Every structure is written in C-alpha cells, then in structure tokens.
1. Please specify each residue of the range A:102-131 satisfying the condition of being outside any helix (DSSP H, G or I), within 13 Å of chain B (Cβ to nearest Cβ) and either crowded, with 19+ Cβ neighbours inside 10 Å or without any contact (Cβ under 8 Å) to a residue 24 or more places away in the chain (or both).
2. Can you say whether A:L329 is more than 17 Å from the chain's Cα centre (by Cα), facing chain B (nearest Cβ under 9 Å) and either in a helix (DSSP H, G or I) or modelled with pLDDT under 95 (or both), as far as the supplied structure shows?
3. Take the conditions surrounded by 13 or more Cβ atoms within 10 Å (Cβ to Cβ), within 20 Å of B:Y250 (Cβ to Cβ) and not basic (K, R) and apply them to B:H356. Does it pass?
4. When you look at A:A73, is it buried (at least 24 other Cβ atoms within 10 Å of the Cβ), within 30 Å of A:D227 (Cα to Cα), in contact (Cβ under 8 Å) with a residue 12 or more places away in the chain and touching a helix residue (DSSP H, G or I) at 6+ places or on another chain (Cβ under 7 Å), yes or no?
5. Can you name every residue in the range B:275-317 that is of a type in the set (S, T, N, Q) and either closer than 16 Å to A:P279 by Cβ or more than 8 Å from chain A (Cβ to nearest Cβ) (or both)?
6. For B:V138, indicate whether it is more than 7 Å from chain A (Cβ to nearest Cβ), surrounded by fewer than 24 Cβ atoms within 10 Å (Cβ to Cβ) and of a type outside the set (G, A, S).
7. Looking for whichever is surrounded by fewer than 24 Cβ atoms within 10 Å (Cβ to Cβ), under 18 Å from A:D207 (Cβ atoms) and touching a Ser or Thr at 6+ places or on another chain (Cβ under 9 Å) here; the options are A:G308, A:G256, A:G304. Which one fits?
8. Tell me which residues, restricted to the range B:144-173, are within 14 Å of chain A (Cβ to nearest Cβ), closer than 24 Å to A:L152 by Cβ and part of a helix (DSSP H, G or I).
Number of protein chains: 2
Amino acid sequence: MTTPTIPPLRLGIAGLGTVGVGVVKIVRQKASLLAQRTGRAVVISAVSARARDKDRGVSLSNYAWEDDPVALAKRDDVDVFVELMGGEDGPAKDAIEAALACGKDVVTANKALLAHHGQALAETAEAAGNVIRFEAAVAGGIPVIKSLTEGLAGNDITRVMGVMNGTCNYILTRMQDAGLPYDEVFAEADALGYLEADPNLDVGGIDAGHKLSLLSSIAFGTKVNFDGVELEGIQRITIEDIRQAEDLGYKIKLLGVAQMTGRGLEQRMTPCLVPADSPLGQLKGGTNMVVIEGDAVEQVVLRGPGAGEGPTASAVLGDICDIARGFRLSTFGVPAGELKQAAAAQSNSPAPFYLHLSLEDRPGALAKIATALGEHGISIDRMRQTRHSDTQAPVLIVTHKTQRNAVDGAIDAMMKTGVMATAPVALRIETV
Amino acid sequence: MTTPTIPPLRLGIAGLGTVGVGVVKIVRQKASLLAQRTGRAVVISAVSARARDKDRGVSLSNYAWEDDPVALAKRDDVDVFVELMGGEDGPAKDAIEAALACGKDVVTANKALLAHHGQALAETAEAAGNVIRFEAAVAGGIPVIKSLTEGLAGNDITRVMGVMNGTCNYILTRMQDAGLPYDEVFAEADALGYLEADPNLDVGGIDAGHKLSLLSSIAFGTKVNFDGVELEGIQRITIEDIRQAEDLGYKIKLLGVAQMTGRGLEQRMTPCLVPADSPLGQLKGGTNMVVIEGDAVEQVVLRGPGAGEGPTASAVLGDICDIARGFRLSTFGVPAGELKQAAAAQSNSPAPFYLHLSLEDRPGALAKIATALGEHGISIDRMRQTRHSDTQAPVLIVTHKTQRNAVDGAIDAMMKTGVMATAPVALRIETV
C-alpha cells in the first residue's frame, strides 16, 4: 500500500528534553523503516526548546529553530505539532491551541494538560477535523490507549486498573525489598532523579491520577473528570504496613481503578492491597501495568516501562505513524461532543479493608474499637495484635466486604473514643 | 468525527461456531456503541455455516443465508468477508480468494491458513487495495498484532516471545499443580474439550508455531516462513522434569521465540525453562502471554485469554472497527511485496541448557557423559544425581551457555557410549 506520491509528513517538535531528543533520534535513524511501514516519509521541519545551544547529543542543524513554540506550531512547513514540553497551562497549552487553530494535528505526552483541558481541546480539534493523539501520556511505552480505543473497540469496558507512576512503585517495592522506611527511600529516589520538581505530583498520586482520568474517559466514553478522582498518596505507607500486608498475602500498590457503577463513574488513585501472586502484586520497580476488563475480552494485562527516553519516544512515534498512515480517530475514541458527563461516584464499591490501628494500651480499648466497627455494620474477617510497646498496642484488622463511607464513619467514631494513639491507616483490598 | 452519511459497513460471516456466534452477538447487541466508536453503522448482511437449522442461541432470521461460503463471499451486499470456519485449505481458502477477487476486505481468525498461504493472499489483497486483518488468529483477545504493527511502529523489534497455546499451558501447569503425569492430564484436557480434533496441533506445538510464524513476519518484516519454525511438542515432558525445573527456580513452558540474528531469522516453538518469577514463569492455565522487545520500548508484556467466544470475538470486532473507521494497513504491517525472504537460521543462539539423563548404574558411566560434554565444548554449571533405582541413575545437568548443535552433538556421543538407559531430555533455558 505504499503510495510514493504522498508528500512527507512534516513534524514540528516543541520540547527537546529526554523524550523530545528520543523522538528526534528515531525519526533520523529509522527514516526508511518508518517510510516503509507508513507508506510516507516522516521528516522533521523545525524544533523548539528553551536553550538553543545546549548539547543534546543529536544534530539539529537540518531543522529550523524557533524560540517560541507558538511560532513553531504555526509554521507552514509543519503538519503535526509534537508537544513534549509539559506543563498543564502556559506555553504548552498556547502552542497546542495555536496548532489546532492552524488546522494541524497534535501529538502530545502531556497528561496534566489533557486532564485539565482535554475536553475543550478535543472539541476544538474535532470541529476542524484534526486529531490529538497522546499515547505517551499514559503508561509510557505501553500501547494502552490504542488497545482501549481500537483493539478492544468491541467491548463494553467494565473496569480499568493500573499502576501508572513508576516512582511510587519504585519506592514501595524498594521499601519492601530493602526493609527501609519511606523517608529514606524517598531521599534515594530524589537523589536518583526519579521525582518531579514538585514531588507531590508523584507521591501524592496526582500524576497517576491525571493518567487515570484520561483512561476513564476513553474506557467509558465520558468527559475527562480529573476532579472526580479520589486521590491519596503513598506518604503515609510504613514499612510495618508493607510487612503486615505481605504476611497476609498482599502487596501495597498505588493503584488506579476506574469503573462505571449505578451511582456514576468511580475513579480512585489510592494505595491498595492486591494479592501478592497477581500480576499487579508481582510488579516491581518503575514498571507500569494496566489491567483492562471488558465484557467480551474478560481481562487483558499490559506491562511495560512507564517512562524513559526510548519507551516514551516509542509511544510518540506510534501516534505519528498512525497519522502518517491516515488513521483519523476522535481524541477520546468517540466524538468529543458525544462524551457523557459522568457524575463522580464516591468510591463506594464494596471491598474488604485493611485497618492498622494503634491503641492506647488500657483495658477496654479493643472493645471500644470493635463496637465502633460493629455499629457501622463492619464485620471482622481477621484480626491480630502485633509487637506490643509499653504504651501502644498495634492492631491489624482485615474486614469483610464493606464500603468506604462505613469505614470512614467507624474511624470517626474510633477517634472519639479516646483510645486511639494515632490516626488509623485504612487501605482498600482490591479484587484483581 | 461521526459522518452520518457514510453507508453501513456490511459483514458476511462464514462459520457460526463459538467465535462466529460471539461476533454475531456483539454486532447485534452493541450496534449503537459500534456506530459511535467508528462513525458508521456495522451490520450483518448474510451468514453461512454447515447446518442451517442448528439452534445457536442467537437469532439469524434477519440475515440472508448461504450454504456455500464462496457464494457468501461474492455477495454484492457484503463489504467485509469474515472467515471463521478454520482449516488451512479447502472452503476457507476458496472463500477468502473469492472475496478478494471481488474486491472485498477480509477479517479472519485462521492462523493455519495464513501460516501457509498468507504471503500469496496478502499480495492478492494489496494489489487490489484490500486489507486482510487477523488479530484473532494470534493470542486470542490480546491486541498483539495491533501493538506490533501500530503502537510499536517506531521500534526495530529485537525479539518476540510467547506462550500462545492455552491447552499446552493448561497441561503443563496442571501437571505441576496436581503432581499428575502427562498422560493423565492429557486425558483430562481431552475430556474437557480443550484439544483440537488432531491433538498434535496443540501438544505438538503446530498451532502455536503457526501463530509464531505470523508474529515473526510482522515483527521483522519478513515473508511468513512456517517451515522455518523449529517445532517440538510437550509430549515428552515428565512430572519429574517439571519438579526438577522448579527446584532449580524455573518453570517449563511451550515457548515461542523469534529473533533476527546475523545468520537469519531464528524461530522456535519448543518447551523451554523460564525463570519461575518472570511474567512468563508465572503464567498459569489457558492464559496467553506475548513478550515484545524493541530497541526503543525495551520490553512490553501482553497477557490475556487465548481462546473462547468472547475474547476471540473481541479481536475480530477490533479488526472490523478498524475497517469501519477507514484504517487501511498492509497485511503484515509493510507492503507484501517488500517483505524480505528470511533465511531460516537453525536455532543456535547461545543459551544454558537443562539436561535430564538416565544412566545405567555402572562404574565409569558418569565419566563417559562428562567426557562427551567436554568434547563438545559444553561446561557444566550445576549437576545433581537424583533418586537412584537399582539399575538407573538419573542425572540432571544445567550447562553454561552453549549452542543447540553442540548439545545435539554431545547427546549423539552419549548415546554411543552404551551407558544411557533412555534418550536424554534437553531443554533450552530462555533468558526472559
């Protein structure tokens, strides 16, 4: 199906950090392979970044230079604007809007931008017949957006789950493997350059929450609703919790879950317990994993690197090749104007919970806790009291299936009894 | 991007077994979802199967009936011929050729047909601008062909591996979990209906070999070369080997591996040892897994159901939706005329091997074996002698990295020493 008369697809690349340089390298090194696969030459017309003279390990002399990404986006010799600058507002947004206003297609890796402005940008793009592609924004090198929108297009998706922040998974698995406390591993990760400038984007679950909100939209045909994501970071996870969870047959993961319920779209990005012998439980280090469940396909699990030059550039190139091949797809898989407004459901699907309580060591303390649970309709599956200091008695409880609001109610009641030494840890046990 | 003026995409479905019925159900039940996702109505015009009056649990009264799949393929009211009959020659091939001759697109789940005739069919289709899609032919519901041809199009693929016959994986994991011998689990699988009419297609590795030959072609841009696949079935795997492998930290899998080497395309579908804690090692039951390694993406692992009504129909629908969306792609990812003729390399990449020998229990026996190995340049990493009957001494050896032809040479030499009680088992240990 090579049609040699098709003119080249001309890229303008804004942002020459790790990923931008990775994309430049692939376009340069694999020119004939890309042409053979897409039936069309893929070339770079122009690039843009903050510092022109920085040595990036790749020659840029054949490409026009623009200091201003908006100017790059408007160039007549650019067909596809490739946005790899990042940032949820500011220059990235301005430049994408400029590109769309000029009738250009857009490829981006910018999850924060799309989580906040995806709907508006999709409407603008689709009104003019342009596409916005963002495979690299979610789960790095894993072709998860393509799998959801295309490969699994015959399914009603029932649930999407994922470990989508490699830094958090690195921290949690390193705590477990090395027996180190959170603060120490956090410092290690910082020294290794694994953390965003604002670490809360990683460890607070925000980055992963952005990704989940995009997957939810695609999976369920709903408008992106990042504000509807229940977010909880990993900062309060202790090595003690990791050890106890392991003893019970579980691992602790920062797990994203999106599912449509009768009460609306449930989206949460929170630390959860998952079975140690499940694919999610076995995931180590910075690797990402997405679990897709559909009514026809049952369950598909995708695993791969969540970041890095090569994997992220691979995802960007997948989008570029699709555009070169003439594949035109709505931004979120169905036309933006047909995406439903999904009411955010509080994350109330029933599940067992893991509770880690520290009680004052005094007579009747446990009875008060048990009463608080019972009064909120929560029954206990397993309970154990662990190492016992002079003044505090740590108690671990696995409940039978209950709901988050019942757990929250029971915790409020417990806190009023005066027997709690510290605020309890309550983690959902996700069935995977 | 809905364009309501596009006429419906009209399907003709040949073959109404499990998968065909699954496709009919999805097209009937999800009409509005499919139209929303593809921008076009997807409808069934006509169907064909052997027995018209059989109750299939789904109403076919709205569709024209053809006894002859060739007649179905030629109908004017069919845009896409969906071949779900199976068989590497005969009616399936005749009907696909008829559909292509009439300028229709083809979706098929027929791995045997494509493994033998894929190149010719692709050339015919592409000469007329038609597409042949076959996601359902490889690894059931997993969108692996889409991931390779599209999502990872920016990569030079370096290796593809996979467990792609669920029946074999069921047998091997059931042997392990229940401690049962091969013959007994084979009989169980037969009673459960897990085996093909000719069981050698499953346990002899032929079915999985067909799938591997298709993935190789896509991954490396080469003509399908099923005859170049080194095939070995699981019939000789004993519970003793499974236990010993486990003791050494490995699992035995019927593993397909394709990689391009300096000597040509290496394709093998053979029982291998893989690390027990790797994703492949952890795979249980009928689930399939494909591991894709590319120079940019590093490693992506895809896991999902390898068979069954829903998962296979899901894959067929993915292809149909792509055609409805207007996505046109060469059969094997690059134009059929540009696929390279790949010389089949003997599977000679160096690897450690597991050897299970039964020696006559007499003085000097082990020395003769050690000599045979040494003379073929094979050094021993680990050796152990296991349970000792009166007349035979089972010896297990893990070699350092060596090549298959060295192992074969050593085995020939061992057999000539007169100390071997039975032919040895030699399994490659694959690095994953």
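The values are calculated or read from the model by the stated rules, or taken from the named source; none is laboratory data. Keep in mind the model is a prediction, meaning the values are calculated, not measured. Every residue, glycine as well, gets a Cβ built from its backbone with ideal geometry; the counts of neighbours run over all protein chains shown.
1. A:D105, A:V107, A:N130, A:V131
2. Answer is no for this residue.
3. Values: surrounded by 13 or more Cβ atoms within 10 Å (Cβ to Cβ): yes; within 20 Å of B:Y250 (Cβ to Cβ): yes; not basic (K, R): yes.
Yes, satisfied.
4. yes
5. Once the filter is applied, which keeps residues that are of a type in the set (S, T, N, Q) and either closer than 16 Å to A:P279 by Cβ or more than 8 Å from chain A (Cβ to nearest Cβ) (or both), the range B:275-317 yields B:S278, B:Q282, B:T287, B:N288, B:Q299, B:T312.
6. Spelling it out, it is not the case that B:V138 is more than 7 Å from chain A (Cβ to nearest Cβ), surrounded by fewer than 24 Cβ atoms within 10 Å (Cβ to Cβ) and of a type outside the set (G, A, S).
7. A:G308
8. B:V144, B:I145, B:K146, B:S147, B:L148, B:T149, B:E150, B:G151, B:G166 - these are the residues of the range B:144-173 that are within 14 Å of chain A (Cβ to nearest Cβ), closer than 24 Å to A:L152 by Cβ and part of a helix (DSSP H, G or I).
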